[in-house]
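Here is the structure we will look at, set down as structure tokens.
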Amino acid sequence: MSKSAVESAKDSSATTAAPASASAPDPSSIPAGKIASAETILGRDQVPILCYHQIRDWRPRDSKGAKDYIVPVANFREQIKMLADSGYHTILPDQLYAYLATGAPLPSKPVMLTFDDTDLDQFTIARPTLEKYGFKGVYFVMTVSLGRPNYMSKAQVKQLSDEGNVIGSHTWDHHNVKKYQGQDWVTQIDKPTKTLEEITGKDIKYFAYPFGLWNPEAIPELKKRGFVGAFVLAEKRDQQDPLYTIRRIIASGYWSPRTLHNSMVNSF
């Protein structure tokens with residue numbers, strides 16, 4: 001296995017990179033001729049990207065499988081503390097894009113923290129925890145949930161964006177992209193994108209596939225809607241369009257900080 005991005009802190013180029021809070025160029029400003037080939041992108045060290053869903057204590061009715069997606073509050077705080085204590089720096093999608101597409105340097109020990117499905121605890125628990133360590137996150141919003149009980153409001157999503165976090169699209173109601181036909185692209189992608197752009201006042205450039213499931217037919221549809229990158233889960237990347245199949249792993253509710261770190265090293 002090639003040297004992982006987790007170990008890239010040893011490279012002098014990484015240690016002289018801009019800090020995680022530094023801005024990266026807008027992907028639309030990078031000339032097409034400067035964007036690397038798929039082969040080159042696939043050959044770059046992968047950055048560890050974690051995917052969180054619910055952050056709350058387990059309940060008696062939670063199934064064994066569900067607990068993978070539900071990280072108890074104390075465990076989440078310990079995981080984030082481990083990342084900070086270990087010298088990790090959070091990066092945001094434009095930084096990742098610039099690195100993958102052009103080879104731009106990253107901070108030492110980069111990691112991306114992503115949150116799916118708009119759960120309220122991502123605002124009430126994750127946000128202040130990340131803030132404590134100067135970390136930023138990427139929140140993939142499912143717009144059907146906005147304002148519903150136990151989900152974030154539009155004002156909270158705007159606040160996250162205003163505070164320097166990135167808001168991405170996660171469809172209207174989590175419908176499987178592999179099943180889209182005709183009007184589904186309008187319902188699941190076009191309308192939610194417009195909603196999120198109205199809330200944040202910013203272009204929505206990144207997308208996370210529900211369930212991590214994608215197909216090659218979806219990629220040109222995302223491209224023509226202005227998305228420059230899309231995130232899957234821990235499956236193989238597309239060999240022609242790796243920027244639209246960027247890998248993440250689920251941060252399991254069962255994992256101790258040590259297990260999380262080991263999983264990051266082994267998965268990326």
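Numerical summary
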quantity: Positions within the range 163-173 being surrounded by fewer than 16 Cβ atoms within 10 Å (Cβ to Cβ) and either in a helix (DSSP H, G or I) or in contact with a helix residue (DSSP H, G or I) (Cβ under 6 Å, 6 or more places away or on another chain) (or both), in sequence order; calculated: Asp173
quantity: One residue from Lys136, Lys158 being of a type outside the set (A, V, I, L, M, F, W, C), touching a residue at least 12 places away in the same chain (Cβ under 8 Å) and assigned to a helix (DSSP H, G or I); calculated: Lys158
quantity: Residue satisfying condition, being under 30 Å from Lys154 (Cα atoms), free of Cβ contacts under 8 Å to residues at least 60 places away in the same chain and in contact with a Lys or Arg (Cβ under 6 Å, 6 or more places away or on another chain), within set Thr118, Thr124, Thr129; calculated: Thr129
quantity: Unique residue being farther than 19 Å from His53 by Cα and of a type in the set (S, T, N, Q) when the list is Gln95, Gln79; calculated: Gln95
quantity: Pairs, first under 20 Å from Ala251 (Cβ atoms) in the range 188-216, second among the charged types (D, E, K, R) and part of a strand (DSSP E or B), C-beta under 9 Å, six or more apart; calculated: Ala208/Asp116; Pro210/Asp116
quantity: Filter result for the condition that a residue is of a type in the set (A, V, I, L, M), surrounded by fewer than 19 Cβ atoms within 10 Å (Cβ to Cβ) and more than 19 Å from Ile204 (Cα to Cα), over Leu120, Leu106; calculated: Leu120
quantity: Top-ranked residue of the range 124-162 - restricted to ones that are aromatic (Phe, Trp, Tyr) and within 21 Å of Lys205 (Cα to Cα), ranked as surrounded by the fewest Cβ atoms within 10 Å (Cβ to Cβ); calculated: Phe135
quantity: Residue ID - surrounded by the most Cβ atoms within 10 Å (Cβ to Cβ), chosen from residues in the range 27-69 that are polar (S, T, N, Q) and farther than 16 Å from Gln122 by Cα; calculated: Gln46
quantity: All positions within the range 76-103 that are among the polar types (S, T, N, Q) and either part of a strand (DSSP E or B) or surrounded by fewer than 21 Cβ atoms within 10 Å (Cβ to Cβ) (or both); calculated: Ser86, Thr90, Thr102
quantity: Selected residue (criterion: surrounded by the most Cβ atoms within 10 Å (Cβ to Cβ)) from residues of the range 210-268 that are out of contact with any Cys (no Cβ under 6 Å at 6 or more places or on another chain) and part of a strand (DSSP E or B); calculated: Phe231
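None of the figures in this text is laboratory data; all of them are computed from the coordinates on show. If you're wondering where the values come from, they're calculated on a predicted model, not measured in any experiment. Methodologically, a virtual Cβ is constructed for each residue, glycine included, from the backbone with ideal geometry; neighbour enumeration extends over all protein chains shown.
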